[in-house]
Every structure is written in structure tokens, then in C-alpha cells.
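A short write-up of the structure that comes next.
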Amino acid sequence: MNIQHRESKSAGAGILVGRVVEIWRYPVQSMRGEQLPEILVDGNGVPGDREYGVVDPEIGEVVSAAQGKKKWRGIVTLSARLLGEPVAGKLPAIEITLPDGATLRGDQADIDARLSAFLEQPVHLAHRATENKRSSYSHEPLHILTTASLAAFQVQHAAGQFAPARFRPNIVIDTGDAGGFLEQGWLERKLQIGGGPRLAVTDNCKRCVMTTLPQGDLPFDPAILHTVNGANRTWAGVYAGVSLSGTIKAGDSVFLLED
């Protein structure tokens, strides 16, 4: 797609910077997520996103695949999806898929025992609202990544697979022929998504070892993180809050607002 940075009457004083090509939700922190054709976003981000976490009962906190050296890395090989859409703040059950294709439901009686056996560590699957288990996230709820950034990394490490799945974005924006780390230039500015929501970009997203871990068809590749660190000071993508709620759909135009 050849995106031209031009003024758009449909977005007021906005400049067209790309189009939404992927939308993701991650029901369980550190697990792989589900790709969606559209999603409603509000002040809390994507409903159902990272609502669950794997708790280490020894410390009573949600853990991530990036913690404890190799202790929790098995979490990233699991994937999770919601069996329905959240309605009026109520979450449907979740389904967790193991690497061998076997599935578990988050509400089955032996879920903790099954996850503990797989991870070879005692764990508890917790819902952060009902069990007051806070995750390690303290930033705005949406993570945005552009194809320009992925392409820039690819140039530096041609053999690497810089798939969005390694970086866990909620929204991937195709920026066409535009190059470089575009989203860093969006800090403290707003994005208009189609005729719907507005997002306020706030912070860079610092990457960690999770980007290197084997997950799905992606192999272990420590050079992924080395490349991000060397090419863009550990950053890949940005965080954003929702200043105007609405529905985001794949194919929506993305405008960078002037105000």
C-alpha cells in the first residue's frame, strides 16, 4: 500500500499516516492472543485484554514469561482467546491452547493443576478484577506498532522474523512506503482512527527478552532484541490511551491530528 502523508478533509486537520491492518487482544498476560476483525475501545483499552494472569502463589503476584530467567518462559508458548465478547463488564470464559493443540477452559475445575503441570511450577490462573491481582503494567492500555518500524528492524537483521506477534501490539498500522520509526514522532499527539475513536499517544514501548522467545512458528532469536536495542534504543512501538471511545476495524484509515 502506498500511503501518502496528505491533509484529509474527513479528519479535519489530520494527516493520513496509515491504515489498521491487524487488531489483537491478549486475554492472559504473557500468552499469545487472538486476532480480531474489529474491537470496541474505551478508557480501559480493549475489553478483555490482559484481564487474566498466571500467579505465582509463593509471592502472590502475576508473573510474566520475561521473569525468573527460564522459570516462566513456557507461558509464552500458550495462547488464549475469549469464548465470546465482554458484555456490560462481564467476561466470557477463556480458552487456553497448549503447544500440542490441546485446549483448556479458564473455568474448568482443574485449570490450576493443568497449568501447573505444564509449567512445572505451582500456579494459579487469576482474574485481576475479582481477585485484585495487579499486573506489572503501569502504562496506557493500548500498544501500537507500525509496519515501518518492523521494516526498519528487518533491514538491520535480515534473517530475523520481525512478526507483530513477537511484540504483542493491540493495533498494527500499515504505513505504506514511509520508513523509519514513525510512531516515535507521534508522542504527545493524537490519532484519529477512521471516523471513530481518538487515541492519545503517550510513551515509547521498551522491549524485553519476550521478543526473542520461541512462540508458535517463531523461533528463538536473541538477535531480535539486540537489533531493537541497537537500532532504536530498546523501543518498538508506543503506548496510547483512549480519549474518545469507539470501534476500530481492520482497514480503517489512521490520521495524525494537528492539535
If you build a Gaussian network model of the chain, linking Cα atoms that sit under 10 Å apart, which residue out of 217, 174, 203 swings the most?
217
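List, in the order given, every pair from 206/249; 69/206; 69/90 whose Cα-Cα distance in the structure shown is over 24 Å.
On the way: 206/249 26 Å; 69/206 18 Å; 69/90 35 Å.
Checking Cα-Cα distances, 206/249; 69/90 exceed 24 Å.
Using a/c under 1.5 as the rounded threshold, could you call region 157-259 rounded, prolate or oblate? The axes a ≥ b ≥ c are square roots of the C-alpha gyration tensor eigenvalues, and prolate needs a/b larger than b/c, oblate otherwise.
Numbers: a/c = 2.16, a/b = 1.80, b/c = 1.20.
Because a/c hits 1.5 or more and a/b exceeds b/c, region 157-259 counts as prolate.
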P(r) over all Cα-Cα pairs of region 52-131, 10 Å bins from 0 to the longest distance, whole percent per bin, short to long, reads 17, 53, 26, 3
Rounded to the nearest 0.05, FRET efficiency between residue 234 and residue 71 (Cβ-Cβ, R0 25 Å) equals 0.65
State the Cα centre-to-centre distance between region 233-259 and region 24-56 in whole Å.
16 Å
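How large is the direction-averaged shadow of the alpha-carbon convex hull of region 48-190, in nm²?
Working: hull surface 45.3 nm².
Approximately 11.3 nm², given one-decimal rounding.
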Taking the chain and counting helices only, DSSP H stretches of n ≥ 4 at -39,500 (n - 2.57) each over all residues, the nearest-500 ellipticity at 222 nm comes to -3500 deg cm²/dmol
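Give me 30, 149, 79 ranked fewest to most by other Cβ atoms within 10 Å of their Cβ, as a rough exposure proxy. Walk me through the numbers before you get to the answer.
On the way: 30 26, 149 29, 79 21.
Going from sparsest to densest Cβ surroundings: 79, 30, 149.
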Have a look at 59, 248, 96 and tell me which one the Gaussian network model of the chain (Cα, springs below 10 Å) gives the largest fluctuation.
59
Starting with the fewest neighbours, write out 31, 210 ranked by other beta-carbon atoms found within 10 Å of each beta-carbon.
210, 31
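Can you give the Kirkwood hydrodynamic radius for the chain, in Å, rounded to one decimal and based on Cα pairs? The partial results should precede the final answer.
Values: mean 1/r = 0.0527 Å⁻¹.
Every distinct Cα pair counted, the radius reaches 19.0 Å.
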The answer for residue 202, listing residues at least 5 apart or on another chain whose modeled amide H is closer than 5 Å to its amide H, is 188, 239, 240, 241
May I ask you to sort 183, 120, 61 by Cβ crowding, counting other Cβ atoms within 10 Å and putting the fewest first?
120, 61, 183
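So between residue 58 and residue 154, what do we pick up on full extension, going 0.36 nm a residue minus the alpha carbon distance? Present the calculation step by step, with values, prior to reporting the outcome.
Details: separation 96, 0.36 × 96 = 34.56 nm, distance 4.03 nm.
Gain on stretching residue 58 to residue 154: 30.5 nm.
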Listed residues 241, 84, 45; largest mean-square fluctuation, Gaussian network over the chain with Cα springs below 10 Å, found at 84
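Each value in this text was obtained by applying a stated rule to the coordinates, not by laboratory testing. Every value quoted in this text rests on a predicted model; they were computed, and no experiment measured them. Because the Cβ atoms are built from the backbone with ideal geometry, glycine has one as well, and the counts that use them run over all protein chains shown.
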